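Values in this text are rule-based calculations from the coordinates and carry no lab data. Note that the coordinates shown come from a computational prediction; the quantities given were computed from them, not determined experimentally. Note that each Cβ is placed from the backbone with ideal geometry, even for glycine, and that neighbours are counted across all protein chains shown.
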Amino acid sequence: MSSRADSKKAAREARLAAEREEATKQRRQRTWALVGGSVLLAAIIVVVLIVVSSGDSDSGSGGGDVSLFAGIPQQGIELGDPKAPVTLVEYADPQCPYCKQYTADVLPDLVKKYVETGDVRMELHLLTFIGPDSDKLARAAYAAGDQDLMWQWIDIAYARQETENSGYATSDFIDSVSEAAGANVEQVNSESGSEAVTRQISEAETAAQSAAINSTPSFEIGPTGGEMTALNVNQLETSEFEGPIDEQLADAQK
Amino acid sequence: MTRIRADRPTMIATALALVGIAIAAYLTWVHYEGISPVCTTGGCERVQASTYAEIGPIPVALLGLIGYVLIFASLFVGGEIGRALTFMLTLAGFAFSLYLTYLELFVIDAICQWCVASAVVMTLLLVTATVRLLRLAAPDQPAPG
């Protein structure tokens, strides 16, 4: 009697143990399936993000629209009529992607609307905080300024901007930008290491420090020869600049 | 009255997700305000001005904020799907943090302390999410909540 009950009990325990083992096995399989699916989904998300991110940082090629500056007075870092009532100052780094965006999307509108008409003169202070390529590019741009071609030079350099600190500012790159800007290539190269250019870079840094500039592009606006005030923009869109410029022009006419 | 009791890895993950949200929210605010983040490493400004600070029109900081919020929300999704979702999100976040750290070290050549902090938080989140998920396979594991 008892042996029959024992064997029934043993059989039930064996069945339960087998069921437990099967359940554990199925749970493990399900968990690893979830792990595998999650890894696959995560990989897809990351690959998409990296591909989009890399695509964004790819450089453009070709050149800027230098015809924009044709017929506009230019001297060193200045663009426009020296007697224009309002001055717009830009602080930029040659490797800064937002400066490239401003130069491509906003600057042409402002030049056509305000600089060509003699209402605004612009100054460009190039900073070199992003890295060694910034220094090489800024030096060459200032050197082109010696030939009154700084604005063309930097416009083309922005249009051809590559991944920052990738070492893209080679002598070939700089020569090709100088050539496209219509500058004397040898003169740009010889002048870019000069004390005068070093002084200009130093002056730009000093001006940026005293204006409390901590990002690029940053802007100041004011009456020509008068006190400059910060022009803060939320978006790099022409409309963000038009209001403050129109206000300054209205003040100048009073 | 039913009290929901979270296990320890879930509580740790919740705290970490909140820290991640705080870091990413600060960096997103700094991005849209156009100001420099508080920085002791000296490289934050350079990283912020980098081409890689945005993916299309979306700042990476905002993307991080969205990611942390999703991770936080996934911790309240019950069952194995919830745990798998947290694991998937933290794994993606961890892998993308690795990529961003590589960019900082070898491309941008600058280190941003906030990005490092976020990468550490994401790594710890991945560890806790992995523990939560693998516990499902352990014998006699009660149903996950």
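Numbers below:
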| read-out | value |
| --- | --- |
| For chain A, built as a Gaussian network whose Cα springs stay under 10 Å, the top-fluctuating residue of A:THR24, A:THR103, A:THR128 | A:THR24 |
| Chain A: DSSP helices with Cα axial extent of at least 24 Å and average Kyte-Doolittle hydropathy no lower than -0.5 | A:2-57 |
| Total charge dipole magnitude, segment A:43-188, about the Cα centre, Cβ charges on Lys, Arg, Asp, Glu only, Debye to nearest 20 | 200 debye |
| Computed lengthening from B:ARG135 to B:LEU98, 0.36 nm per intervening residue step minus Cα-Cα distance | 10.7 nm |
| Residue order, fewest to most beta carbons within 10 Å, for A:TYR114, B:TYR26 | B:TYR26, A:TYR114 |
| Listed residues B:GLY79, B:GLY64, B:GLY56, most fluctuating in chain B (Gaussian network, C-alpha, under 10 Å) | B:GLY56 |
| Projected label distance in nm at A:SER210 and B:VAL107, using a 7 Å step from Cα toward the beta-carbon | 3.8 nm |
| Neighbourhood charge, 13 Å Cβ-Cβ cut-off, centred on B:GLY42 and excluding it, Lys, Arg +1 and Asp, Glu -1 | -2 |
| Under 13 Å, Cβ to Cβ, from A:ALA11 - net charge with Lys/Arg +1 and Asp/Glu -1 | +2 |
| Percent RCO, i.e. relative contact order, over segment A:143-246, from Cα pairs under 8 Å lying at least 6 residues apart | 19 percent |
| Positive-pole candidate from A:GLY225, A:VAL51, A:ALA14, dipole of chain A, charges at beta carbon | A:ALA14 |
| Rg followed by Dmax, in Å, when the protein assembly as shown is reduced to its Cα trace | 29.5, 119 |
| Which of A:ILE77, B:ILE111, A:ILE44, A:ILE156 has the fewest Cβ neighbours within 10 Å, and the rest in rising order | A:ILE44, B:ILE111, A:ILE77, A:ILE156 |
| Cα-centred dipole magnitude for the protein assembly as shown, charges only on beta-carbon of K, R (+1) and D, E (-1), debye, nearest 20 | 4200 debye |
| Inter-part distance where segment B:79-135 and segment A:159-224 are each reduced to a Cα centre, Å | 38 Å |
| Relative contact order for segment A:14-142, counting Cα pairs under 8 Å that sit 6 or more residues apart, in percent | 25 percent |
| Neighbourhood net charge (10 Å Cβ-Cβ; Lys/Arg +1, Asp/Glu -1) for B:PRO9 | +3 |
| Choice from B:PHE106, B:PHE94, B:PHE76 with maximal GNM fluctuation in chain B (Cα, 10 Å cutoff) | B:PHE106 |
| Average Cα contact separation per residue, chain A, under 8 Å, 6 or more apart, as relative contact order % | 24 percent |
| Descending semi-axes in Å of segment B:1-134, equivalent ellipsoid built from Cα gyration tensor | 29, 14, 12 |
| For B:78-86, mean number of other protein chain Cβ atoms within 10 Å | 2 |
| For A:TYR98, B:TYR32, order by how many other beta-carbon atoms lie within 10 Å, fewest first | B:TYR32, A:TYR98 |
